[in-house]
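One structure is given here, and the rest of the page talks about it.
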Amino acid sequence: MNCGTGEDALWLVRRGVRVLATDVSPGMLQVAQDKLAASPGAALARFQRLAWEDLDTFAKGPFDGVLSNFGGLNCVADIAGAARALAPRLRAGAAVLLCVMGPVVPWEWLWFLSRGDAARAFRRLRRAGTPWSGMTIRYPSIGQMRRAFAPQFRVLRVSAIGSLLPPPYTETWTGRFPRAIAALDRLERRFETLWPLPALADHYLMELERR
């Protein structure tokens with residue numbers, strides 16, 4: 001789901017996984033299709049325009065798993081509805097990997113407040129979401145995601161992506177401190193599931209199983 005430019009699909013087909021790559025954007029799908037066309041595993045990939053909101057009309061499956069990377073679900077208003085529509089399209093025991101932008105990011109607060117931009121510092125805390133490129137971006141908490149995907153799914157693991165590490169948009173500054181960033185990266189990977197790191201991360205990765 002929300003395959004973007006196809007990097008994850010490419011990684012999977014190179015390992016022999018049969019993939020249906022979907023996105024709401026025809027432009028993204030074309031980029032992904034062109035990228036995978038040059039891969040030895042291209043025959044394992046298919047492409048289809050599909051939004052999370054259209055899953056209830058999606059007739060294919062059942063699938064062995066689903067991956068939604070880097071905030072695709074942040075663009076969905078009714079996450080519980082998306083979870084209900086997803087459930088019957090997955091086999092029992094199917095793996096579900098969801099990478100979601102979280103609401104509480106101290107690094108973001110510090111970065112934007114230091115630049116006098118309070119609106120951007122606390123944009124993730126707005127109840128109604130944040131407008132962006134004609135869409136509304138919402139930032140569900142881990143607890144909200146757990147409730148939205150229950151009872152059809154069981155949460156196995158939640159890990160932090162960018163809790164100790166600063167967000168990618170700070171790269172012009174963090175690039176001056178490669179050793180410190182490398183040390184933070186090692187610490188984050190070691191303690192990525194330790195509370196409260198997942199709840200304070202730029203993204204969190206939620207791993208679930210279809211009941």
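The values are calculated or read from the model by the stated rules, or taken from the named source; none is laboratory data. Nothing here was measured: the structure is a model prediction, and the numbers come from that model. Ideal geometry is used to build each Cβ from the backbone, glycine not excepted, and the neighbour counts take in all protein chains shown.
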Review point. Residues in the stretch 42-68 that are in contact (Cβ under 8 Å) with a residue 40 or more places away in the chain and surrounded by fewer than 18 Cβ atoms within 10 Å (Cβ to Cβ): how many?
Key: 2
Revision key, fill the gap. Restricting the stretch 159-175 to residues that are more than 14 Å from Leu110 (Cα to Cα) and of a type in the set (A, V, I, L, M), the one surrounded by the most Cβ atoms within 10 Å (Cβ to Cβ) turns out to be Ala160
Review point. Got a sec? Which of Ala128, Ala183, Ala150, Ala160 is on the phi < 0 side of the Ramachandran plot, of a type outside the set (Val, Ile, Thr) and touching a helix residue (DSSP H, G or I) at 6+ places or on another chain (Cβ under 8 Å)?
Key: Ala160
Exercise for review: Scan the stretch 88-112 for residues that are outside any strand (DSSP E or B) and either surrounded by fewer than 17 Cβ atoms within 10 Å (Cβ to Cβ) or out of contact with any strand residue (DSSP E or B) (no Cβ under 8 Å at 6 or more places or on another chain) (or both) and jot them down.
Suggested key: Pro88, Pro103, Val104, Val105, Pro106, Trp107, Glu108, Trp109, Leu110, Trp111, Phe112
Practice item. Go through the residues of the stretch 134-149 one by one and say whether even a single one is surrounded by fewer than 17 Cβ atoms within 10 Å (Cβ to Cβ), farther than 20 Å from His203 by Cα, at pLDDT below 95 and out of contact with any Lys or Arg (no Cβ under 8 Å at 6 or more places or on another chain). Key: yes
Exercise for review: Pick out the one residue from Ala77, Ala32 that is assigned to a helix (DSSP H, G or I) and within 20 Å of the chain's Cα centre (by Cα).
Suggested key: Ala32
Review point. Within the stretch 109-123, is even one residue out of contact with any helix residue (DSSP H, G or I) (no Cβ under 6 Å at 6 or more places or on another chain), in contact (Cβ under 8 Å) with a residue 12 or more places away in the chain and either under 30 Å from Glu209 (Cα atoms) or small (Gly, Ala, Ser) (or both)?
Key: no
Exercise for review: Return only the number of the condition from (1) at pLDDT below 95; (2) more than 18 Å from Asn69 (Cβ to Cβ) that Ala87 does not satisfy.
Suggested key: (1)
